[in-house]
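Novice: Dropping the structure in here first, questions after.
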């Protein structure tokens, strides 16, 4: 009987997920829909678990025993080999001459062929013969694996900020900006894993040696450098150090006129790439296409602007919004100056789009626009950037994030994310936004791959690391998720973003005891009984009100939420961001608090407002998630009416239900059956 794709469950081949029922194959940065016959052959080979299948076996299982020409099978094998190559060798299709085919993945050894007992051999003879056969097969398998070329792991590189060795110190953004641009150029190289500059720069600021930084970031090589400017010339010296041995394996110096910074950076990056190709081999490391030339003055301006963008984000995450506004005003002036010189500079347009979407500069913040209106204006700027440079991964990822966040155009967003990652496999923003979109759609097993990559590429940035426990929570791996959250809290005891998230988790689980435990952890273990910062004290007070609401005493929590909603409306906070979140997301939180306080009408009203602002901030509590709204609310006809009030909302519910039915996320099916997927092993 032929393979029935509609009834075959999804399975994994290393980092590759195969979905027979939809004929999809998904891997980090890519997706392909196979022809039915090609998918049938892939399923049958995978089900053989490394055993060799003859052509007759394949004809019987995939063509129902009908006569099939040699070309038909060969064509299927060619397509599967192309697929294996596209996935980054997530699996290997082997031809055994004059025998058949077998499938292997890099994550496990091929099982040996089973020895057959010869007739007429007694038990002792069978034992001896069997042992000899096993030994022979094991030896043969070992020899086979030694002879076969094994897939090489990607080289991991960390780029540290360059030192300023000028007789007269130059602007601080130049050494750091050059290092960041070199890092971005390396990030586009296929076969390299390049650590985020936010992590590598943070560790260098901690005065760790290059070798220590490499060890902490699990990098094979560390690129360091220095910059000096004298008499109108700029000199850059760069060195590669093997972090495993501490030995410097390469160094070179470069000099160009000071007004040719772009050419200087391009020369440094190209030379480093050539050295890496020599170390890893051209089969592993693929050089990226050339980058569009840029105006020298614009390039220098944008070095400064990108440096300041990192500062304003950090200030806002720390709750220092007024200081962040000062920096944003300076960035806005610089970007405007750059665009007067070159109106089509794609990096300047991407920076302007970010400022516009967030409403950070005071001049833009004063405009009476909603978050959605700001985002729409930002998207138009991103489209201009892509007209100027269709291969700009930052513009692709940012426009994909717009479609994800504000348009709910999941297909277009996914296409943009995949294009960004095809150009730059290490693009942090693309992995981050794509992963969150997959989580929103309930495709959490796919999202988990990107969350793990984020932790690998940016291990020193807390809000990147939080992608992993969030994904684990949606997959029903609560113990693992909470272990990650506890670790983060130990490292960031005053992080309001993190404290609020833990509070919401415990509220959505109706777990008042966990709230009391968290209060004790913060006060006793983290702050040792000392006076808490007022924002932390206020957050713990809110959590205490939440615990009271769960105990049937909601008055205190309702009063807090009422006051916050009134302040939100009075201050027009939906036009900006707060504590690292789009402020409309607070409406979703307020809807959750009202729900668990038993305020059904208010909860539904705030949920409707949040969804109108395109906030889906907490996927575990969306329909078909592991921690949905309490039944008092979710069983109310008004709750269902909110979700069915427009096609985009209803379509999202269909997508999430399909993901649950395919075992991509955890939650309850309409018949009440609980789904908890089996987590794949760590492979990134």
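Novice: Find the residue count for the range 412-432, including only residues that are buried (at least 22 other Cβ atoms within 10 Å of the Cβ), touching a strand residue (DSSP E or B) at 6+ places or on another chain (Cβ under 7 Å) and closer than 24 Å to residue 18 by Cβ.
Specialist: Residues meeting the conditions: 1.
Novice: Pick from 442, 435: which is under 28 Å from residue 613 (Cβ atoms), under 12 Å from the mean Cα position of the chain (by Cα) and crowded, with 21+ Cβ neighbours inside 10 Å?
Specialist: Unique residue meeting the criteria: 435.
Rundown of residues vs (1) surrounded by 21 or more Cβ atoms within 10 Å (Cβ to Cβ); (2) over 30 Å from residue 188 (Cβ atoms); (3) in contact (Cβ under 8 Å) with a residue 12 or more places away in the chain, yes/no style:
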{"residue": "453", "(1), (2), (3)": "yes, no, yes"}
{"residue": "487", "(1), (2), (3)": "no, yes, no"}
{"residue": "493", "(1), (2), (3)": "no, yes, yes"}
{"residue": "502", "(1), (2), (3)": "yes, yes, yes"}
{"residue": "521", "(1), (2), (3)": "no, yes, yes"}
{"residue": "526", "(1), (2), (3)": "no, yes, yes"}
{"residue": "538", "(1), (2), (3)": "no, yes, no"}
{"residue": "554", "(1), (2), (3)": "no, yes, yes"}
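Novice: Something else: Which condition number in (1) more than 20 Å from residue 407 (Cβ to Cβ); (2) surrounded by 14 or more Cβ atoms within 10 Å (Cβ to Cβ) is the one that residue 652 fails?
Specialist: Just one mismatch for residue 652, condition (1).
Novice: Please pick out the residue among 312, 271 that is modelled with pLDDT of 85 or more, in contact with a strand residue (DSSP E or B) (Cβ under 7 Å, 6 or more places away or on another chain) and outside any loop (DSSP other than H, G, I, E, B).
Specialist: Testing whether each residue is modelled with pLDDT of 85 or more, in contact with a strand residue (DSSP E or B) (Cβ under 7 Å, 6 or more places away or on another chain) and outside any loop (DSSP other than H, G, I, E, B) leaves just 271.
Matching residues to (1) assigned to a helix (DSSP H, G or I); (2) under 21 Å from the mean Cα position of the chain (by Cα):
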position	(1), (2)
470	yes, yes
476	no, yes
481	yes, yes
485	yes, yes
500	yes, no
504	yes, no
507	yes, no
510	no, no
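Novice: Within the range 155-174, track down each residue that is surrounded by 24 or more Cβ atoms within 10 Å (Cβ to Cβ) and part of a helix (DSSP H, G or I).
Specialist: Result: no residue meets the conditions.
Novice: Name the pairs whose Cβ atoms lie under 8 Å apart, with the first residue in the range 195-213 and over 20 Å from residue 306 (Cβ atoms), the second at pLDDT 85 or above and in a loop (DSSP other than H, G, I, E, B), and 6 or more positions between them or separate chains?
Specialist: Going by the 8 Å Cβ cut-off, the qualifying pairs are 210/160; 210/243; 211/243; 211/246; 213/160; 213/219; 213/243.
Novice: Can you find, within the range 35-54, the residue that is nearest to residue 414 (Cα to Cα) among those that are in contact with a strand residue (DSSP E or B) (Cβ under 7 Å, 6 or more places away or on another chain) and crowded, with 22+ Cβ neighbours inside 10 Å?
Specialist: 42
Novice: If you scan the range 195-204, which residues turn out to be modelled with pLDDT under 85 and within 30 Å of residue 232 (Cβ to Cβ)?
Specialist: 204
Novice: In the range 455-466, which residues are part of a helix (DSSP H, G or I), in contact (Cβ under 8 Å) with a residue 24 or more places away in the chain and surrounded by fewer than 24 Cβ atoms within 10 Å (Cβ to Cβ)?
Specialist: Result: 456, 462, 463, 464.
Novice: Determine, yes or no, whether residue 238 is in contact with a strand residue (DSSP E or B) (Cβ under 8 Å, 6 or more places away or on another chain), buried (at least 22 other Cβ atoms within 10 Å of the Cβ) and closer than 25 Å to residue 166 by Cβ.
Specialist: Considered against the rule, which asks whether it is in contact with a strand residue (DSSP E or B) (Cβ under 8 Å, 6 or more places away or on another chain), buried (at least 22 other Cβ atoms within 10 Å of the Cβ) and closer than 25 Å to residue 166 by Cβ, residue 238 comes out as yes.
One line per residue, one yes/no per condition, for (1) at pLDDT 85 or above; (2) more than 25 Å from residue 261 (Cα to Cα); (3) in a helix (DSSP H, G or I):
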site: 137; (1), (2), (3): no, yes, yes
site: 144; (1), (2), (3): no, yes, yes
site: 149; (1), (2), (3): no, yes, no
site: 176; (1), (2), (3): yes, no, yes
site: 184; (1), (2), (3): yes, no, yes
site: 193; (1), (2), (3): yes, yes, no
site: 207; (1), (2), (3): no, yes, no
site: 226; (1), (2), (3): yes, no, no
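Novice: So residue 384 passes all but one of these: (1) without any contact (Cβ under 8 Å) to a residue 24 or more places away in the chain; (2) in a helix (DSSP H, G or I). Which condition number does it fail?
Specialist: Tallying (1) without any contact (Cβ under 8 Å) to a residue 24 or more places away in the chain; (2) in a helix (DSSP H, G or I), residue 384 fails exactly one: (1).
Novice: Considering only the range 366-375, how many residues are out of contact with any helix residue (DSSP H, G or I) (no Cβ under 7 Å at 6 or more places or on another chain) and not in a loop (DSSP other than H, G, I, E, B)?
Specialist: 1
The values are calculated or read from the model by the stated rules, or taken from the named source; none is laboratory data. Computed from a predicted structure; not experimentally measured. No Cβ is skipped: glycine too gets one built from the backbone with ideal geometry, and neighbour counts run over all protein chains shown.
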